[in-house]
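Heads up, the thing below is written out as structure tokens.
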Amino acid sequence: MIWLDATQRHHLLRMEPDDSVIAWRIRLRAHTALELIDNGPESFVVGRMLADEIRRHEVTEWGEEAWDVADADSQGWADLYNSFLNADGDFGVDELDTLADPIVFLYRFDVHPDFANWKMAALDAFCRLFSTDAIIVALYRQAELSLEEFKAVGFNVWEGVGIEPPMEAREIHETAVWMLRDNSLMTPLAVTDYPKECPDATREHQRWVRALSERQG
């Protein structure tokens, strides 16, 4: 068995703009081999996902602007939010079929190679945590998925609003190319397409994830 173990930090009192950023921490867990459970944990962490969520309309209720929240949080968020602004500086959603609320920025996605065939299923399951009004954005270079794999999970290259389109897909490499999923659209990958078998998890898998976390944060 394999599952997402997700937690979020949601400020009830917001003193600064970036207090409106909801931080998600997701651990991908898998069961230990049955014969080993008596002598250790029932599961180990085999991957991780780190993401931030901005609920644009909720931010407005707090008297803030979503752009200010993004800008206060990080350069990555500022660059991402800029890609949604038209030439007049307004949020443009004509290219999307959804309300684009919330916006979810997945900035870390690591899965141990032994569980690589579960990466698309894990990403899809994460996206399903959010409403059909949501858009989820990930960096192409971070997730280590091919363009075809991203598209299978409903992601496409995000060209932005009123900005120059990115390089051709065949030329995508280690650059900050955004991949976007509009949750209101039907996704090619269905839950029935998820893998039917999962390897047993070991302490070594968890050590791999922990070492990666210590290096990258």
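Here, each number is a calculation from the coordinates, and none is a lab measurement. On a predicted model such as this, the values are computed, not experimentally measured, just so you know. Positions of Cβ are generated from backbone atoms using ideal geometry, with glycine treated the same way; all protein chains shown enter the neighbour counts.
Structural remarks
- Net lengthening on full extension, L99/D193 (0.36 nm per residue, minus Cα-Cα): 31.1 nm
- Fewest neighbouring Cβ atoms within 10 Å first, the residues H11, H112, H31, H57 line up as H57, H11, H31, H112.
- R0 of 22 Å, Cβ-Cβ distance L147-D79: FRET efficiency to nearest 0.05: 0.60
- Modelled label reach - H10, point 7 Å along Cα→Cβ, region 49-73 residues with backbone N closer than 18 Å: 51-63
- Extended-chain gain in nm, criterion 0.36 nm per residue less alpha-carbon gap, A23 and E65: 13.3 nm
- Least to most buried among W3, W158 (fewest other Cβ within 10 Å first): W3, W158
- Within a Gaussian network of the chain (alpha carbon springs, distance under 10 Å), most fluctuating of R108, R56, R14: R14
- Under 5 Å, built H, 5+ apart or other chain: amide partners of S83: none
- Normalised by the number of residues in the chain, the mean separation of alpha-carbon contacts (under 8 Å, six or more apart) gives a relative contact order of 23 percent.
- A Gaussian network model of the chain, with springs between Cα atoms under 10 Å, assigns the largest mean-square fluctuation among R27, R203, R141 to R203.
- Residue-wise HN-Hα coupling along region 143-154, computed from phi with Karplus coefficients 6.51, -1.76, 1.60 (Hz; x: Gly, Pro): 7, 6, 10, 6, 4, 5, 5, 4, 5, 5, 9, x
- Amide H contacts of V46: L28, R29, A30, each under 5 Å away and 5 or more positions distant or on a separate chain (H built 1.01 Å from N in the peptide plane; Pro and chain starts excluded).
- Looking at region 2-216 alone, DSSP beta bridges between its own residues are antiparallel in about 90 percent of cases.
- Note on the chain: with a GNM built from Cα contacts shorter than 10 Å, the maximum mean-square fluctuation among G92, G160, G47 falls on G92.
- Taking the helices alone, the chain has a mean residue ellipticity at 222 nm of -6500 deg cm²/dmol, built from -39,500 (n - 2.57) per DSSP H run of at least 4 residues and averaged over all its residues.
- W62 long-range amide H proximity, modeled H, under 5 Å: none
- Look at where the Cα atoms of region 201-217 and of region 49-120 average out, and the two centres are 26 Å apart.
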